[in-house]
Amino acid sequence: MKQATALNILKAGHNVFLTGSAGAGKTYTLNQYIHYLRARQVTVAITASTGIAATHMNGMTIHAWSGIGIKDQLDDDDLAHMFDRKYLRSQIDDAQVLVIDEVSMLHGKQLDMVNQVLKYFKQNDEPFGGLQLIVAGDFFQLPPVSKTNEANRDKFAFMSAAWQEAKFKICYLTEQHRQQNNQLNQILNEIRAQAVSQHSIEQLLATRQHTLESDITRLFTHNQDVEQINQRHFGSIAGDAQLFVAERKGNEKLVQTLVSNVRAPEQLSLKIGAKVMFVKNNMENGYINGTLGEVVAFERDINDRLLPKVKLRDGSYRLVAPETWSIDNDQAKSLASYSQIPLCLAWAITVHKSQGMTLEAAEIDLRQTFEQGQGYVALSRLKSLEGLRLLGLNDMALQLDRLAFKADQRFQALSQEAESVWATRDGRHEHEQFIRRCGGSLNEKEIEKYEKRLRKQQKSTTDAHTVEQTKVLFAQGLSLVEIAKERELMQTTIINHLEKIMAQDPSFDLSRIKPADTVLEAVKKVYQQVLADDKDEHFNNDGSLKLRPLFEALQQKIGYNDIKLALLFVEV
C-alpha cells in the first residue's frame with residue numbers, strides 16, 4: 001500500500017495498524033497524519049511501547065500516558081485510584097486520537113489494560129473508549145519482553161482481546177525508501193517470507209571478504225562486546241577529552257524517562273579522532289539517526305559555544321550543535337526536555353540499539369544470535385549489500401517467530417483488501433465528518449495559520465543550520481564561488497548568510513573578501529543618495545533598501561552581488 005492510501009484511511013477515522021518492512025516510511029506517514037490533525041485542532045496523544053521509540057516521536061511511553069505503569073493487571077480499585085489523578089484524567093479526557101508506535105514491543109496484556117483504562121476514563125464501552133487508535137510497527141522487529149515459559153500466544157499484541165475488538169484497518173506499506181539495492185532487498189524479503197535461498201545465504205557469507213573502511217560501525221548481539229570495543233578504542237586516542245553535559249528541563253520523572261532512553265549520554269566525552277554516530281533524525285541539518293562520522297576538531301559557533309566538528313563519510317563537515325528531545329502534550333507544549341550533542345561513540349553498537357537506524361556500512365556478527373528476529377533487524381539497517389561485512393551467523397540468525405510470520409501473511413492479505421477499496425476512493429466527506437466528530441476545526445484560515453507556523457518553525461531550524469554551514473566553510477578559507485559550489489547555492493544566498501553572521505557576531509573577520517576601496521566608495525555614495533531621496537518604491541516592506549535603485553545609480557557598472565558584498569563593509 002502507498003503512503004497516500006494509508007493517509008486516506010487514517011483521515012477517515014478508522015482504527016489502523018500501520019506496518020511494513022524497515023524503511024517503508026511508517027514514521028513519516030504517522031508524522032504527516034499528526035500534523036494534519038493538529039492543524040485542525042484535534043487532540044492527538046503520541047506514545048510508543050518503549051522510551052527509545054517514544055523519544056523519536058517527541059512523545060511518552062504508552063505505560064506512562066495511560067497510567068498502567070509496570071502493572072500486569074488492573075482491578076476496580078486500581079482504576080478508581082488512577083481516576084483520582086487529575087493530570088491523568090485531563091490528558092485522557094482531551095485525547096481524540098491515540099498513536100502507539102513500535103507496537104511489536106508492547107505486550108498483549110498491556111494493550112488490554114490500555115483498552116480497559118480508556119473505557120473507564122471515557123465512560124464509553126466502545127473499543128479504547130471511542131478514541132481512534134493507530135498502532136504502528138513491524139512484528140518482525142524485536143518482540144516484547146517475555147516472562148519465563150510464557151507462550152507467544154499470550155505475548156504478541158495482535159493476539160490480545162483488545163486487538164480483536166479494535167477491528168483495525170491494515171495498512172501494509174510496500175514502497176521502499178531505505179534499501180536501494182535489489183540484492184539486499186531480495187534477501188530481506190526472503191527472510192520475511194521465511195524462504196531464504198542457499199544463494200542468498202552464500203551472498204551474505206561472501207560479504208566477509210568485503211573491504212570496507214576501517215571506521216565502519218560494528219553490530220553485536222551482546223552489550224558486553226559493544227562496551228569493551230568502544231572503551232578500548234576511545235582510550236587509545238591521544239589527547240584530552242572534551243566533556244559535554246546534557247541540559248534537563250521540566251517534570252523530573254519525565255526528564256528521567258528521556259535520560260534513560262535517549263542514546264546521547266548525559267555526560268558525553270569526545271576526543272579528536274573519536275568515531276561517532278548521530279542519534280537523532282534531522283535531515284534539514286544533513287544527518288539522520290545512524291549517520292556516521294569522526295570528530296576532527298572542536299570549534300566555537302556564532303553563539304560562542306564550543307562544539308564538536310564532525311567529518312561525515314561523504315567528506316562533508318558538520319559543526320554539531322545540541323539537539324532537544326522532548327515529551328510534549330497534545331498542544332505540542334513541552335512537558336520535559338533533554339538537550340545534548342546528538343552523538344554517541346560508535347565503533348560498535350548492539351543490534352537492539354540499532355533499531356530505527358539507517359547505516360551506510362556495517363560489520364555485523366550474528367554468530368551468537370540468541371533471539372529470533374535479531375538477524376533481520378541487523379541486516380535491515382543497511383542500504384545495500386555492498387555496505388555489509390558479515391562475520392558469521394548461527395542457525396537462529398535468519399529465523400523469525402512463526403506466529404509473527406503467520407500474522408504477517410494475514411496482514412498483507414487484509415491490506416490488499418483495504419487498498420482495493422481506498423486507493424481510488426474520494427474520502428474527503430468522511431475526512432470532514434471525522435474532524436467534526438472530534439470537535440476539530442475545518443476553518444481554512446485556522447488550518448493555514450497552523451501550517452504556516454509549522455513551516456516557519458522548520459525554516460527557522462533550516463536557516464540556522466545553513467548559515468552555520470557557510471560560516472564553517474568560510475573559516476576553512478574557501479572563496480564565495482567555492483562555497484556556493486560546495487553548498488549548491490547561489491552566491492547571493494551565501495552573501496546573505498555572511499550578512500546574518502555579521503549581525504550575530506560583528507567581530508567575525510570578512511576582510512579577505514573586502515571589495516576594492518573604489519567600489520566601497522562608489523556604493524557608499526549612491527547608497528546615501530538613494531536613502532536621502534526617501535522614495536517609497538526604493539524600499540521593501542520590511543523597511544530595507546532595494547538593490548535595484550543602487551544598481552541603476554551606479555549605471556549598472558557594479559553587479560548586484562558586488563553591491564551586496566560592499567554593503568557589508570560600508571559604514572553609513
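What do you reckon, is GLN110 crowded, with 19+ Cβ neighbours inside 10 Å, within 31 Å of the chain's Cα centre (by Cα) and over 17 Å from VAL16 (Cα atoms)?
Numbers: crowded, with 19+ Cβ neighbours inside 10 Å: yes; within 31 Å of the chain's Cα centre (by Cα): yes; over 17 Å from VAL16 (Cα atoms): yes.
In short, yes.
Take the residues of the stretch 243-260 that are surrounded by fewer than 17 Cβ atoms within 10 Å (Cβ to Cβ), polar (S, T, N, Q) and touching a residue at least 40 places away in the same chain (Cβ under 8 Å): which is nearest to HIS352 (Cα to Cα)?
SER260
Take residues that are touching a Ser or Thr at 6+ places or on another chain (Cβ under 7 Å) and tell me which of the helices (runs of 4 or more DSSP H) falling wholly in the stretch 509-572 contain 2 or more. Walk me through it before giving the result.
Values: elements: 517-533, 548-553, 560-567.
Qualifying helices (runs of 4 or more DSSP H): 560-567.
How about the stretch 337-350: which of its residues are in contact with a His (Cβ under 9 Å, 6 or more places away or on another chain) and either of a type in the set (A, V, I, L, M, F, W, C) or at pLDDT 90 or above (or both)?
Listed by number, the residues that qualify are LEU345, TRP347, ALA348.
Condition first: free of Cβ contacts under 8 Å to residues at least 24 places away in the same chain and either charged (D, E, K, R) or not assigned by TED's automatic domain parsing to the domain that holds ALA553 (or both). Now tell me which residues in the stretch 519-538 satisfy that. It would help to see each step written out before you state the result.
From the stretch 519-538, those free of Cβ contacts under 8 Å to residues at least 24 places away in the same chain are 521, 525, 530, 532-538; that's our starting set.
Those that are free of Cβ contacts under 8 Å to residues at least 24 places away in the same chain and either charged (D, E, K, R) or not assigned by TED's automatic domain parsing to the domain that holds ALA553 (or both): GLU521, LYS525, ASP533, ASP534, LYS535, ASP536, GLU537.
Only one of ILE447, ILE501, ILE435 is in contact with a Phe, Trp or Tyr (Cβ under 6 Å, 6 or more places away or on another chain), in a helix (DSSP H, G or I) and at pLDDT 80 or above. Can you tell me which? Walk me through it before giving the result.
Details: ILE447 fails: in contact with a Phe, Trp or Tyr (Cβ under 6 Å, 6 or more places away or on another chain); ILE435 fails: in contact with a Phe, Trp or Tyr (Cβ under 6 Å, 6 or more places away or on another chain).
Only one candidate qualifies: ILE501.
Answer yes or no as to whether SER420 is assigned to a helix (DSSP H, G or I), among the small types (Gly, Ala, Ser) and either under 30 Å from GLN3 (Cα atoms) or at pLDDT 85 or above (or both). Steps first, please.
Working: assigned to a helix (DSSP H, G or I): yes; among the small types (Gly, Ala, Ser): yes; either under 30 Å from GLN3 (Cα atoms) or at pLDDT 85 or above (or both): yes.
Here the answer is yes, as SER420 does meet what is asked.
Looking at (1) crowded, with 16+ Cβ neighbours inside 10 Å; (2) on the phi < 0 side of the Ramachandran plot, which is the only condition GLY290 fails?
Going through (1) crowded, with 16+ Cβ neighbours inside 10 Å; (2) on the phi < 0 side of the Ramachandran plot one by one, GLY290 breaks only (2).
Pick out, from the stretch 33-84, the helices (runs of 4 or more DSSP H) lying fully within it that include 3 or more residues that are modelled with pLDDT of 85 or more, out of contact with any strand residue (DSSP E or B) (no Cβ under 6 Å at 6 or more places or on another chain) and surrounded by fewer than 23 Cβ atoms within 10 Å (Cβ to Cβ).
In the stretch 33-84, 76-83 are the helices (runs of 4 or more DSSP H) which contain 3 or more residues that are modelled with pLDDT of 85 or more, out of contact with any strand residue (DSSP E or B) (no Cβ under 6 Å at 6 or more places or on another chain) and surrounded by fewer than 23 Cβ atoms within 10 Å (Cβ to Cβ).
Tell me whether the stretch 431-443 contains one or more residues that are in the same structural domain as ASP154 (by TED's automatic domain parsing), on the phi < 0 side of the Ramachandran plot and of a type in the set (Val, Ile, Thr).
yes
The values are calculated or read from the model by the stated rules, or taken from the named source; none is laboratory data. Because the structure is a prediction, the values reported are computed rather than measured. Glycine also receives a Cβ, built like all others from the backbone with ideal geometry; neighbour counts cover every protein chain displayed.
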